[in-house]
Structures are given as C-alpha cells and as structure tokens.
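The values are calculated or read from the model by the stated rules, or taken from the named source; none is laboratory data. Worth saying up front: this structure is predicted, and the values here are computed from it rather than measured. Calculation scope for accessible area: heavy atoms of the full protein, side chains included, ligands and nucleic acids excluded. Shrake-Rupley method; radii C 1.70, N 1.55, O 1.52, S 1.80 Å.
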Amino acid sequence: MTDGEVVLGDPSVVVDDLHVTYRILGTRRKAVEAAPQGRMRKLVGRSLGSTGGVTEIHAVRGVSFVARHGESIGIVGTNGSGKSTTLQALAGLIQPSQGSVYVAGIPSLLGVSAVLVRKLTGARNIMIGGLALGLTKDEVEERFDEIVEFADIGDFVHLPMTTYSAGMAARLRFAISTAAVPDVLMIDEALATGDAAFRERSRQRVDEIRRQAGTVFVVSHSLASIKAMCTRAIWIDKGLVRMDGPAEDVTAAYHEHTRARSGPAKG
Ligand SMILES: Nc1ncnc2c1ncn2[C@@H]1O[C@H](COP(=O)(O)OP(=O)(O)OP(=O)(O)O)[C@@H](O)[C@H]1O
Ligand SMILES: [Mg+2]
C-alpha cells in the first residue's frame, strides 16, 4: 500500500452516467447475419447492434464515480470491459454518447504517447512531448537530464525510438508524461513492460503527484502494481462499475472472480 499521509482534496474528476458507443460505418454484417445459428452469431448478436450499415458497440454503459485530488485509482477488469474507453473519455479523446465527464485541470493520458514519433530520437521526442504538455522550450531543456535519468536510457536518448525495447520506450513515455506534474494523469498499461526498479520509481512518482494534489488513474492487469500504487480501485465489468473501494478489497474480489471463472484452481 502507498502511504496514507496524503489528505484528499476536492473532487478532481466527476463521471456521471457515462455511456460511450462506438459507431463503425460500412461494416459488412452480411456474412455474420447469413451464418447459421452458430456460436459466432450468438456472440455477435449479444454485444453488437446494427442498423443500416452501422455497427454499434456500447462499450461503456453508465459509469459513475467521483475522484479527488490526491487519489490514485486503479482500474481493473477483463479484456474489453471498457477500461481504456473510460480513460479516453476522461481525457476528452472520445465523446460520451450519454452522461457527462468533468475534469478539473488538464488531463494527460500518458498522453504524450500520441504525439511521439518513433522514427525520431528520444531527445527529439522529449522536446515534442514536453511542448505538448505545455512546457516551454527552456523548461524542457532544464528538465532534459532529469527525464533521461528517470527513463534510465543512457546514450540511447540520441538514437531513434525504433531502436528501443518495449520497456525502454515505456520508461521514456512515462518520464516525459510526468515531467510536468499533471493535474490528472492516466496510465493505461504503460507500466507493464517496465522492470522492477522502474516500477518502484514509477510508484514513487505517482506518490509525488498525489502529494502535489494530482489525481492518478492506473489501468493494469497487474493486481500487484495496482495494490502498490493505488489507494482505491474501480472494477469495470461489461461497461459498468462492478465494485469501487479500497484497492486491497477490490483487487481481492476481482482476483477471486477471475480465479473462479478460469475453472478449478490448481495447487
Ligand atoms: N476504436 C474502437 N472502435 C470500435 N470499438 C472499440 C474501439 N475501442 C474499443 N472498442 C470496443 O469497446 C469495448 C471496450 O474496449 P476497451 O478497449 O475499452 O476495453 P479494455 O477494458 O481497455 O480492454 P483491455 O483489457 O483488453 O485493454 C470492446 O468491446 C472493444 O471491442
Ligand atoms: Mg485497454
């Protein structure tokens, strides 16, 4: 568990009955519709709606919660349950089809990832990412060494990011994203490829952000990471909040659920 010394502030994120529906135009559903009453048809029919060449995926179906300054919140749930979609709606990257999202301050969905260019060197990307975070050129230059040190990529900073391992690239993205203390930081599976030392540094930085009244969301399939980094966790299941509470309790319940679903426990 993280230290409990951070006093929670006012709400920083308010999500009220959030719905997100993906609309896919021009989808060919004929093949599926023509299929006999097989498994595929049943599966598709359950989660997809289709009208006039538009397929709809109702990915988030009424999610509500309030997050406060100083909180780090883990989001758990099985593949396709709507975790990434929820974060993207918080970051303003996709429009809710219903409900509302209120974010105090500027959200950053490990955000710089979108603007980074893998063909360019780490150094160039630090500048691009820093500017995208709203830092000035001078401020990025001032923080340059610290970012490289945190990412621990050494001289690779002068090579294109295409030459980085998955873990190195993830470390650099995290280092850039947190170079300016964000109001609301969202981390979607970005820590999965980091090694133990990097996970510990990330945990410390998340604590630092909380102490400076930021709010951090961490989506991860690693319940250990969630327990280490988060004070609270939200379990999203089929587009709905199934449980919301202390990270310890929610990860335990989710673990129990996935264990039960994967069949009789071995050993
Ligand atoms: N860009 C997209 N266009 C259409 N459908 C999408 C898109 N992104 C996600 N979906 C659908 O929305 C649903 C929720 O997906 P989402 O990516 O939010 O799940 P997730 O909980 O993040 O899963 P994972 O653990 O695999 O990352 C899924 O049914 C998925 O197929
Ligand atoms: Mg996801």
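Can you tell me how much longer the chain between Leu240 and Arg124 gets when fully stretched, taken as 0.36 nm per residue apart minus their C-alpha distance, in nm with one decimal?
Numbers: separation 116, 0.36 × 116 = 41.76 nm, distance 4.02 nm.
Between Leu240 and Arg124, full extension yields 37.7 nm more.
Counted over the range 151-267, the DSSP beta bridges are approximately 55% antiparallel.
Of interest is the spacing of the C-alpha centroids, which for the range 127-162 and the range 202-249 amounts to 27 Å. Normalised Debye scattering of the range 128-225 at q = 0.10, 0.14, 0.21, 0.24 Å⁻¹ gives log10 I(q)/I(0) of -0.26, -0.51, -1.17, -1.46, counting only Cα atoms as equal scatterers and leaving out solvent.
Carbon and sulfur together cover what percent of the accessible area of the range 134-267 at a 1.4 Å probe radius? Don't skip to the answer; put the middle values down first.
Numbers: 3330 of 6390 Å².
In the range 134-267, the share of accessible area belonging to carbon and sulfur is 52 percent.
Sort Arg61, Arg232, Arg211 by heavy-atom solvent-accessible area, probe 1.4 angstrom, most to least. Intermediate results must be reported in sequence, preceding the final value.
Numbers: Arg61 95, Arg232 30, Arg211 125 Å².
Greatest to least solvent exposure: Arg211, Arg61, Arg232.
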